[in-house]
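**Student:** Please read through the structure below; I'll follow up with questions.
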Amino acid sequence: LRCWARGNPPPQLECAKDGGGPFPPGVARPVTRAHAGTYRCRATNPLGTAVRSVTVWVHCEWGAWGG
């Protein structure tokens, strides 16, 4: 999941899943079904705030992994 923003002054980024705690964007990790849900990225600087929500679906194909 990638979350980025640009502005002057540069914005501070916050990303959270389903209204829960922070979720560090851009950190590579294995994906599981638990990662499915809605993520919200908020970019804030002294001039304002922008918010974007993204829904992530995780599809598993057991046959491909021999399960």
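**Student:** Please enumerate the residues belonging to region 1-28 that are assigned to a strand (DSSP E or B) and either without any contact (Cβ under 8 Å) to a residue 12 or more places away in the chain or among the aromatic types (F, W, Y) (or both).
**Tutor:** Selection gives P22 alone.
**Student:** Of everything in region 29-58, what is open to solvent by 100 Å² or more (accessible area, probe 1.4 Å) and in a loop (DSSP other than H, G, I, E, B)? Give them in sequence order.
**Tutor:** P30, V31, P46, L47, W57
**Student:** Among (1) at pLDDT below 90; (2) open to solvent by less than 80 Å² (accessible area, probe 1.4 Å), which single condition is W65 missing?
**Tutor:** (2)
**Student:** Quickly run through region 1-58 and pick out the residues that are basic (K, R) and within 12 Å of the chain's Cα centre (by Cα).
**Tutor:** At the first step, the residues of region 1-58 found to be basic (K, R) are 2, 6, 17, 29, 33, 40, 42, 52.
Those that are basic (K, R) and within 12 Å of the chain's Cα centre (by Cα): R2, K17, R40, R42, R52.
**Student:** Mind listing whichever residues of region 9-21 are more than 16 Å from T49 (Cβ to Cβ) and either open to solvent by 60 Å² or more (accessible area, probe 1.4 Å) or at pLDDT 85 or above (or both)?
**Tutor:** K17, D18, G19
The values are calculated or read from the model by the stated rules, or taken from the named source; none is laboratory data. Just so we're clear, the structure is a prediction, and the values are computed from it rather than from any experiment. FYI the Cβ positions are ideal-geometry reconstructions off the backbone, even for glycines, and counts take in every protein chain you see. These area figures cover heavy atoms from the full protein model, side chains too; ligands, DNA and RNA do not enter into them. Shrake-Rupley method; radii C 1.70, N 1.55, O 1.52, S 1.80 Å.
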